[in-house]
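Asks: Below: one structure in structure tokens.
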Amino acid sequence: MNLVLFGPPGAGKGTQAARLVEKYGLVHLSTGDMLRAAVAAGSELGRQAKGIMERGELVPDELIIALVAERIERPDCARGFVLDGFPRTIAQAAALERMLAEKGKRIDAVIELAVDESALAARIEKRIAETGGARSDDNLDTLKRRLAVYREQTAPVLEWYRERGLLHTIDGMQGIEEVAAAIEKVVEELR
Ligand code: AMP
């Protein structure tokens, strides 16, 4: 089973992805985590991505697509995965569809965590408090830019998946347990 968790920054994608990993043994593929690891390692990709991430903008499609293509090839992904933070553009969604089709695979469901934008600043502030500000893009100015980028470049991907009959929308304003239960319901229907 291959899933995409979708939603703006602070929607709870990472939290819910961790639950899916635990419950269904899926591999968690977070492009944000992969990029942060590249920045920490000081690799060429990390060098290219660092400033872009700090500004809250998107890393170029070709870099992200190559990163995901390489990761998805690894044997652990055969047991199924949950993508978190990817795809963020239509070009990324189309590239993902192509790379999976080459292996006779596909995305089984896209789960959107729908949240009120007005609640996101408080959620990010909570994450800053919990992580001691470990993420250099967790601040309110960058959040504004990330939300604008989400609206302009990422939200259209939802329509792309809706047209393909893959989109499931969940109320992400509920508590963590309620959201997890709603996601499980979608997943159980797929199994
Ligand atoms: P995230 O942890 O998913 O919020 O990602 C943090 C930052 O990494 C984003 O604000 C982007 O700068 C970059 N990033 C992560 N995933 C992608 C992606 N799929 N496409 C472009 N940039 C990305």
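Asks: Can you name the number of the only condition in (1) over 12 Å from F6 (Cβ atoms); (2) small (G, A, S); (3) without any contact (Cβ under 8 Å) to a residue 12 or more places away in the chain that G80 fails?
Replies: (3)
Asks: Being under 21 Å from K23 (Cβ atoms), among the aliphatic types (A, V, I, L, M) and touching a residue at least 40 places away in the same chain (Cβ under 8 Å) is the filter here; which residues of the stretch 159-191 pass it?
Replies: Matches in the stretch 159-191: L166, I170, I176, V179, A180, I183, V186, V187, L190.
Asks: Continuing with this model, one more query. Testing D108 on (1) charged (D, E, K, R); (2) in contact with a helix residue (DSSP H, G or I) (Cβ under 8 Å, 6 or more places away or on another chain); (3) more than 20 Å from G165 (Cβ to Cβ); (4) surrounded by fewer than 17 Cβ atoms within 10 Å (Cβ to Cβ), one condition comes back false. Which one is that?
Replies: For D108, the failing item is (3).
Asks: What about K103, is it assigned to a helix (DSSP H, G or I) and free of Cβ contacts under 8 Å to residues at least 60 places away in the same chain?
Replies: no
Rundown of residues vs (1) polar (S, T, N, Q); (2) modelled with pLDDT under 95, yes/no style:
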| position | (1), (2) |
| --- | --- |
| T89 | yes, no |
| M99 | no, no |
| I107 | no, no |
| E112 | no, no |
| D116 | no, yes |
| A129 | no, yes |
| K144 | no, yes |
| V149 | no, no |
| Q153 | yes, no |
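Asks: Another question, if that's okay. Just checking, how many residues over the stretch 111-127 are assigned to a helix (DSSP H, G or I) and loosely packed, with under 15 Cβ neighbours inside 10 Å?
Replies: Within the stretch 111-127, residues that are assigned to a helix (DSSP H, G or I) and loosely packed, with under 15 Cβ neighbours inside 10 Å number 6.
Asks: In the list E125, E102, which residue meets the criterion of being among the acidic types (D, E) and either within 16 Å of the ligand (Cβ to nearest atom) or on the phi > 0 side of the Ramachandran plot (or both)?
Replies: E125
The values are calculated or read from the model by the stated rules, or taken from the named source; none is laboratory data. What you are looking at is a predicted structure, and each value in this text was computed from that prediction instead of being measured. Methodologically, a virtual Cβ is constructed for each residue, glycine included, from the backbone with ideal geometry; neighbour enumeration extends over all protein chains shown.
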